[in-house]
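Peer 1: Just passing along the structure, written as structure tokens.
The values are calculated or read from the model by the stated rules, or taken from the named source; none is laboratory data. Worth saying up front: this structure is predicted, and the values here are computed from it rather than measured. FYI the Cβ positions are ideal-geometry reconstructions off the backbone, even for glycines, and counts take in every protein chain you see. Calculation scope for accessible area: heavy atoms of the full protein, side chains included, ligands and nucleic acids excluded. Shrake-Rupley method; radii C 1.70, N 1.55, O 1.52, S 1.80 Å.
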Amino acid sequence: MRRLAPYAIAIGGVIGITAVIWLVNLRAPVSGMSAMYLLLVLWLGARWGRWPAVVGSVAAFVLYDFFFVPPVGTLSVNGPAEVLELVVLLAVALVTSQLAGSLRRARASAEALTRESRALYEVATQALRSQEVTVAMAMLCERGTELRSVGRFALVAVDSGLPSALAGGDLSAAELKQAAWSHENGRPIRISVRAGAVTLVRTNPGAAEPAYLPLASGVAVLQVDAELAGPDELRMLAALIGLADLLFDRRRAALESERARGLESSDRLKTAILSSLSHELKSPIASLRAGLTALASPQAGLQADQRELLVDLDRQATRLDRMVGDLLALSRLEAGLELDKEAQNFADLVAGATRQLRGELAGNRLVVELPDDLPPVEVDEVQAGRVLANLLENAHEWAPLNGVIEVGAVPRSGMLEAWVENEGPPIATADLDRIFDTFWTRRARGSGLGLAICKRVVEAHGGRISAENRRRGPRFTFTFPLAPVPAVPGS
Amino acid sequence: MSGRVLVVDDEVEMQRALRAGLGYHDFDVRAVGSGEEAVTEAAAWRPDVILLDLGLPGMDGFATLKALRPATRAAVIIVSVMPDEKDKVRALDAGADDYLVKPFGTEELVARIRAVLRRQADVTAGEPVIRSGDLAIDIGRRSVTVNGKSVRLTPTEYELLRFLALHAGKPVTHTTLLRQVWGDYAIGDTYNTRYVVAQIRKKLGDDPANPRYIVNEPGVGYRLEG
């Protein structure tokens, strides 16, 4: 009934105008009265669209012809002028209805867009304002299911391969598995999103299987009725999916900062444990050495052989101290505590290490070959010094008495390449790699930790260390990163 | 008597060993087990040197150091089993004169104590020329010589060397050097000091890989050999 109303109005309007013209003509004929039909057709086109306007124009032509065009009372078309009149009426009907129609459509879509962006704005502000990401996600899923075509809108997080439903209701085990697969392979199932446009891919029409769309660190699981999903709904859906992607990002950032806080506190814990451990292990050795060396001094009045025994014992205590120190240093490195990196002159590191070992190295000839313009390295001074000290100590162990120990360095492809070489016996080829393993040692009395520590420290700086047999004897080569900017401050 | 030494250490064995060892070297030794006792004893007995362990129960080493400073002019040598350079720097910046990592032998300890005592005597005497081997720094004349030959330094280089010389034998932290030579704004930029020290060594004819005058204190700073 409602559909016919515009036509009834069109015909009624034409009849009404015809009656008016007829009444006016009874008194005194007025020319150009037919323009009133034109007004009616214009209005019909703008208000009711094309077909009522066409019906109106045809009816107007017929009635006008019948009542007013001579011979009155007959439907006859005489001459091109009348044909033109009909054509003009029809053309006006078509053009105005077309214009009005597109205007109406533009207004409707503008209204839809306003509605959509307001809805999105609300969801986005609510979602971004809430502290808990999962709350925001739940809100988003709820808004999604409010769309007519969307039966389900769920978000699944995939953390290190394990899926868990975050918002939008529970999922079956099979669905979770499917979601995890989709995320892992980055492959959407039964849906595709390209350039912000959602396309539903129905492989099995009528089946109520959900679609899976992998996002930043999770999956959107959707049940969308393709029949009901108009372009507006799909656009809204795409926008919601984009928002879900952002929320997943936010969730990941939150998780990461939480983990960083955890790591930091575990670093503090490790440091505390190591400090208390070194205190417990080193305090007894400290008392031992203080006591033994006190008694060994000539003023204590002991005999020569007794003092010799005390000196031997002190040497053992010193060895024990060094081993404990190595173990603690290694645990510190294993714990992955942060390096205190700064620009350092390599010569300073060599100086520190040789000074520390001046007693031991007195029996060797130390040759240091460093170019004058050696660029600074970016290292932890204490740790890098330990590498040099350990390598020098190792060289001293193997070098013959008065043998040469050579230390050298050259810059090479962004790194500093340094070496420590001695005139000792060659290392068996099979041992060249194993030599850096923890607790591996060629000496009966060694702890097997010195070179392992070197390897850890060098690698923690992003460098490499290796051993080789040169003509003169074994050489240990290692690399340290050069300092990023050649810092030459004005003095 | 070569001097009064106050040992502050909570381990009785350590106290006993140090009392014996330092006693054999003619030091007058007293030992206490806590920071509170140390402050009292420092004021009452007036020791020349205090050996302060950082890991004390109750009032810890840093707090004790802070409390000791107004009470005494004694040299403070920090002893600690913690080989953490940050602790050393903190202690030196808080007014300690030297540090020694535990365990150590008696000879080493005696050498350190004698060094700080000698330094104190020099400071009291107001010696205008400071020597380190054949290097001589004449503070009054602002002149530096090696083996009698004059060395020309830039103002920054001289200022750094002068500060190390005034504290000869004592480790000076990077932070202290930066503050003294460049001012507060330069703190944190330790490559400044490294660069200037390298320049001074070059002019003094010192081998950077085996320096005779200015030695590195890894992770801490520099020390001019006394």
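Peer 1: Does A:ALA384 qualify as being more than 37 Å from the chain's Cα centre (by Cα) and either touching a residue at least 24 places away in the same chain (Cβ under 8 Å) or within 11 Å of chain B (Cβ to nearest Cβ) (or both)? Lay out the reasoning, then the answer.
Peer 2: Working: more than 37 Å from the chain's Cα centre (by Cα): no; either touching a residue at least 24 places away in the same chain (Cβ under 8 Å) or within 11 Å of chain B (Cβ to nearest Cβ) (or both): yes.
Here the answer is no, as A:ALA384 does not meet what is asked.
Peer 1: In this structure, is A:ASP372 open to solvent by 20 Å² or more (accessible area, probe 1.4 Å), within 14 Å of chain B (Cβ to nearest Cβ), outside any strand (DSSP E or B) and without any contact (Cβ under 8 Å) to a residue 24 or more places away in the chain?
Peer 2: Values: open to solvent by 20 Å² or more (accessible area, probe 1.4 Å): yes; within 14 Å of chain B (Cβ to nearest Cβ): yes; outside any strand (DSSP E or B): yes; without any contact (Cβ under 8 Å) to a residue 24 or more places away in the chain: yes.
In short, yes.
Peer 1: Which one of these does B:GLU217 not meet: (1) open to solvent by less than 50 Å² (accessible area, probe 1.4 Å); (2) at the interface with chain A (Cβ under 9 Å from one of its Cβ atoms); (3) among the charged types (D, E, K, R); (4) without any contact (Cβ under 8 Å) to a residue 24 or more places away in the chain?
Peer 2: Every listed condition holds for B:GLU217 apart from (4).
Peer 1: How many of the residues in segment B:2-20 are over 18 Å from B:VAL81 (Cβ atoms) and within 14 Å of chain A (Cβ to nearest Cβ)?
Peer 2: Initial filter on segment B:2-20 (over 18 Å from B:VAL81 (Cβ atoms)): B:2-6, B:19-20.
Those left that are additionally within 14 Å of chain A (Cβ to nearest Cβ): B:2, B:5, B:19-20.
Going through segment B:2-20 one residue at a time, the tally reaches 4.
Peer 1: From the set of residues in segment A:382-423 that are part of a loop (DSSP other than H, G, I, E, B) and open to solvent by 10 Å² or more (accessible area, probe 1.4 Å), which is modelled with the highest pLDDT? Steps first, please.
Peer 2: Initially, segment A:382-423 is screened for residues part of a loop (DSSP other than H, G, I, E, B), giving A:399-403, A:413-414, A:423.
From the residues that got through so far, the ones that are open to solvent by 10 Å² or more (accessible area, probe 1.4 Å) too are A:399-402, A:413-414, A:423.
On the way: A:ALA399: 87, A:PRO400: 88, A:LEU401: 86, A:ASN402: 87, A:SER413: 87, A:GLY414: 87, A:GLU423: 91.
Once the filter is applied, the top-ranked residue is A:GLU423.
Peer 1: Look through segment B:158-169, keep the residues that are under 22 Å from A:GLN344 (Cα atoms) and buried (at least 21 other Cβ atoms within 10 Å of the Cβ), and return whichever of them is nearest to the other protein chains (Cβ to nearest Cβ).
Peer 2: Top of the filtered list is B:LEU160.
Peer 1: What pairs come out if I take residues in segment A:244-270 that are assigned by TED's automatic domain parsing to the domain that holds A:VAL221 and pair them with residues that are surrounded by fewer than 16 Cβ atoms within 10 Å (Cβ to Cβ) whose C-beta lies under 6 Å away, six or more apart or interchain?
Peer 2: Listed pairs, sorted by first residue: A:ASP245/A:ALA216; A:PHE248/A:ALA216; A:ASP249/A:ALA216.
Peer 1: Considering segment A:461-481 alone, what residues qualify as being part of a strand (DSSP E or B) and over 19 Å from A:GLY385 (Cβ atoms)?
Peer 2: Just the residues of segment A:461-481 that are part of a strand (DSSP E or B), to begin with: A:465-469, A:474-481.
Residues satisfying the conditions are A:SER466, A:ALA467, A:GLU468, A:ASN469, A:PRO474, A:ARG475.
Peer 1: Right, another one. One residue is enough: does segment B:117-128 have a residue meeting the conditions open to solvent by 30 Å² or more (accessible area, probe 1.4 Å), over 13 Å from the mean Cα position of the chain (by Cα), among the polar types (S, T, N, Q) and on the phi < 0 side of the Ramachandran plot?
Peer 2: Within segment B:117-128, one or more residues are open to solvent by 30 Å² or more (accessible area, probe 1.4 Å), over 13 Å from the mean Cα position of the chain (by Cα), among the polar types (S, T, N, Q) and on the phi < 0 side of the Ramachandran plot.
Peer 1: Pull up segment A:245-261, narrow it to residues that are charged (D, E, K, R) and surrounded by 13 or more Cβ atoms within 10 Å (Cβ to Cβ), then point me to the one that is nearest to A:LEU140 (Cα to Cα). Outline the logic, then answer.
Peer 2: Initially, segment A:245-261 is screened for residues charged (D, E, K, R), giving A:245, A:249-252, A:256, A:258-259, A:261.
Cutting the leftovers down to surrounded by 13 or more Cβ atoms within 10 Å (Cβ to Cβ) gives us A:245, A:249-252.
On the way: A:ASP245: 11, A:ASP249: 15, A:ARG250: 14, A:ARG251: 14, A:ARG252: 17 Å.
Taking the candidates together, the pick is A:ASP245.
Peer 1: Within segment A:354-369, track down each residue that is of a type outside the set (A, V, I, L, M) and assigned to a loop (DSSP other than H, G, I, E, B). Let's see the steps before the verdict.
Peer 2: The initial filter retains those residues of segment A:354-369 that are of a type outside the set (A, V, I, L, M), namely A:354-356, A:358-360, A:363-365, A:369.
Once the filter is applied, which keeps residues that are of a type outside the set (A, V, I, L, M) and assigned to a loop (DSSP other than H, G, I, E, B), segment A:354-369 yields A:GLY363, A:ASN364.
Peer 1: Quick check, is B:MET59 among the hydrophobic types (A, V, I, L, M, F, W, C) and away from chain A (no Cβ under 14 Å)? Break it down stepwise before answering.
Peer 2: Working: among the hydrophobic types (A, V, I, L, M, F, W, C): yes; away from chain A (no Cβ under 14 Å): yes.
Considered against the rule, which asks whether it is among the hydrophobic types (A, V, I, L, M, F, W, C) and away from chain A (no Cβ under 14 Å), B:MET59 comes out as yes.
Peer 1: Considering only segment B:104-119, state which residues are free of Cβ contacts under 8 Å to residues at least 12 places away in the same chain and facing chain A (nearest Cβ under 8 Å). Walk me through it before giving the result.
Peer 2: Filtering segment B:104-119 down to residues free of Cβ contacts under 8 Å to residues at least 12 places away in the same chain leaves B:105, B:107-108, B:111.
Those that are free of Cβ contacts under 8 Å to residues at least 12 places away in the same chain and facing chain A (nearest Cβ under 8 Å): B:GLY105, B:GLU107.
Peer 1: To continue, here is another question. Given the options A:ALA304, A:ALA294, name the one that is within 9 Å of chain B (Cβ to nearest Cβ) and either free of Cβ contacts under 8 Å to residues at least 12 places away in the same chain or more than 14 Å from B:GLY21 (Cα to Cα) (or both). It would help to see each step written out before you state the result.
Peer 2: On the way: A:ALA304 fails: within 9 Å of chain B (Cβ to nearest Cβ).
None of the others qualify; the one that does is A:ALA294.
Peer 1: Okay, moving on. Tell me, which helices (runs of 4 or more DSSP H) lie completely within segment A:1-115 with 3 or more residues that are open to solvent by 30 Å² or more (accessible area, probe 1.4 Å) and in contact with a Leu (Cβ under 6 Å, 6 or more places away or on another chain)? I'd like the intermediate steps shown before the answer.
Peer 2: Values: elements: A:5-27, A:35-48, A:50-67.
Here the list is empty.
Peer 1: Could you tell me which of the residues A:LEU246, A:LEU222, A:LEU255 is under 23 Å from A:SER172 (Cα atoms) and either assigned to a helix (DSSP H, G or I) or at pLDDT 80 or above (or both)?
Peer 2: After applying the criteria, what remains is A:LEU222.
Peer 1: So which residues in segment B:70-98 are within 23 Å of B:ARG16 (Cα to Cα) and either among the polar types (S, T, N, Q) or open to solvent by 20 Å² or more (accessible area, probe 1.4 Å) (or both)?
Peer 2: Our first condition is that a residue be within 23 Å of B:ARG16 (Cα to Cα); within segment B:70-98, this holds for B:74-82, B:98.
Those that are within 23 Å of B:ARG16 (Cα to Cα) and either among the polar types (S, T, N, Q) or open to solvent by 20 Å² or more (accessible area, probe 1.4 Å) (or both): B:SER80, B:MET82.
This table checks each residue for (1) more than 17 Å from A:ARG252 (Cβ to Cβ); (2) out of contact with any strand residue (DSSP E or B) (no Cβ under 6 Å at 6 or more places or on another chain).
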residue	(1), (2)
A:GLU122	yes, yes
A:VAL135	no, yes
A:ALA154	yes, no
A:SER164	no, no
A:LEU171	yes, no
A:ARG187	yes, yes
A:THR199	yes, no
A:ALA216	no, yes
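Peer 1: Here is a check on your reading of the model: is A:ALA124 in contact (Cβ under 8 Å) with a residue 40 or more places away in the chain and of a type outside the set (Phe, Trp, Tyr)?
Peer 2: On the way: in contact (Cβ under 8 Å) with a residue 40 or more places away in the chain: yes; of a type outside the set (Phe, Trp, Tyr): yes.
Yes; evaluated as a whole, the condition is true for this residue.
Residue by residue, here is whether (1) more than 9 Å from chain A (Cβ to nearest Cβ); (2) open to solvent by 40 Å² or more (accessible area, probe 1.4 Å); (3) under 20 Å from B:GLY226 (Cα atoms) holds:
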residue	(1), (2), (3)
B:GLY148	yes, yes, yes
B:THR173	yes, no, yes
B:LEU178	yes, no, no
B:ASN192	no, no, no
B:ALA198	no, no, yes
B:LYS203	yes, yes, yes
B:PRO208	no, yes, yes
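Peer 1: Where residues in segment B:38-54 are open to solvent by less than 30 Å² (accessible area, probe 1.4 Å) and assigned to a loop (DSSP other than H, G, I, E, B), which of them is farthest from A:LYS282 (Cα to Cα)? It would help to see each step written out before you state the result.
Peer 2: Keep residues of segment B:38-54 that are open to solvent by less than 30 Å² (accessible area, probe 1.4 Å), which gives B:38, B:42, B:45, B:47, B:49-54.
Keeping just the survivors that are assigned to a loop (DSSP other than H, G, I, E, B) gives B:47, B:54.
Numbers: B:PRO47: 27, B:LEU54: 14 Å.
Filtering segment B:38-54 for residues that are open to solvent by less than 30 Å² (accessible area, probe 1.4 Å) and assigned to a loop (DSSP other than H, G, I, E, B), the one farthest from A:LYS282 (Cα to Cα) comes out as B:PRO47.
Peer 1: Mind checking which residues of segment A:269-283 are within 14 Å of chain B (Cβ to nearest Cβ) and either among the charged types (D, E, K, R) or open to solvent by 70 Å² or more (accessible area, probe 1.4 Å) (or both)? Explain how you work it out, then say what you get.
Peer 2: First, the residues of segment A:269-283 that are within 14 Å of chain B (Cβ to nearest Cβ): A:270-283.
Once the filter is applied, which keeps residues that are within 14 Å of chain B (Cβ to nearest Cβ) and either among the charged types (D, E, K, R) or open to solvent by 70 Å² or more (accessible area, probe 1.4 Å) (or both), segment A:269-283 yields A:LYS270, A:ILE273, A:LEU277, A:GLU280, A:LEU281, A:LYS282.
Peer 1: From the list A:ARG355, A:ARG322, exactly one residue is at the interface with chain B (Cβ under 8 Å from one of its Cβ atoms) and among the charged types (D, E, K, R). Which is it? Working first, answer last.
Peer 2: Working: A:ARG322 fails: at the interface with chain B (Cβ under 8 Å from one of its Cβ atoms).
The match here is A:ARG355.
Peer 1: May I ask you to list the residues in segment A:296-353 that are open to solvent by less than 30 Å² (accessible area, probe 1.4 Å) and part of a loop (DSSP other than H, G, I, E, B)?
Peer 2: Across segment A:296-353, the qualifying residues are A:SER297, A:ALA335, A:ASN345.
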